[in-house]
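Q: Got a structure here, written out as structure tokens. Questions coming.
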Amino acid sequence: MEHPASPSKLFALALSEWLLVLPATLLLGTAVLRQLQPRQFEPARTSWMIFEWTTTNISHAGAALLFLGLPGVAVVAGCAALLLLWRGSETLRQDVRAAVASLRRHLAVAILGTGTLLAGAILAAVLVHILTD
């Protein structure tokens, strides 16, 4: 007997998970972005300002909450929701089995595609580095 969650509840949970990890994502992205260019150039300058504000205004407990607590809540809530969905929906299980079977059949294409995307990302990062130095 299937009792799928309503799409609006699933969307609300998905959105809340993204909001839970947003602060850590933004602060970690800022920490990385400040290292890409010298401090006097944008966007590194703004990133340095945000990073310095963060290090002076967020306590160790606040940092633990931002980087461990909120993502931890997102992981636990997400795993619980996925487990409930997995147990309650035969359609979901069939769709996942079909996706895994398709991935197995086309594993070489998946590896080729991910390798190509990774190579493109590395090339873009190197070009940005060369052009900004």
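Q: In region 37-58, which residues are without any contact (Cβ under 8 Å) to a residue 60 or more places away in the chain, surrounded by 14 or more Cβ atoms within 10 Å (Cβ to Cβ) and not in a helix (DSSP H, G or I)?
A: Correct list: 58 only.
Q: Test residue 87 against the stated conditions and say whether it is among the charged types (D, E, K, R), farther than 17 Å from residue 19 by Cβ, modelled with pLDDT of 95 or more and not in a loop (DSSP other than H, G, I, E, B). Even if it seems obvious, please write down each step before you answer.
A: Working: among the charged types (D, E, K, R): yes; farther than 17 Å from residue 19 by Cβ: yes; modelled with pLDDT of 95 or more: no; not in a loop (DSSP other than H, G, I, E, B): yes.
For residue 87, the condition - among the charged types (D, E, K, R), farther than 17 Å from residue 19 by Cβ, modelled with pLDDT of 95 or more and not in a loop (DSSP other than H, G, I, E, B) - is not met.
Q: Could I ask something else about it? From the residues in region 49-69 that are in contact with a helix residue (DSSP H, G or I) (Cβ under 9 Å, 6 or more places away or on another chain) and among the aromatic types (Phe, Trp, Tyr), which one is nearest to residue 17 (Cα to Cα)?
A: 67
Q: Here is a further query. Among the residues of region 59-77, count how many are part of a helix (DSSP H, G or I) and either free of Cβ contacts under 8 Å to residues at least 12 places away in the same chain or outside the structural domain of residue 10 (by TED's automatic domain parsing) (or both). Spell out how you get there, then give the answer.
A: Keep residues of region 59-77 that are part of a helix (DSSP H, G or I), which gives 60-77.
Next, only the ones that are either free of Cβ contacts under 8 Å to residues at least 12 places away in the same chain or outside the structural domain of residue 10 (by TED's automatic domain parsing) (or both) stay: 60-65, 68-69, 72, 75-76.
Total satisfying the criteria: 11.
The values are calculated or read from the model by the stated rules, or taken from the named source; none is laboratory data. These figures come from a predicted structure and were not determined experimentally. Here the Cβ is made from the backbone with ideal geometry for all residues, glycine too, and neighbour counts use every protein chain on show.
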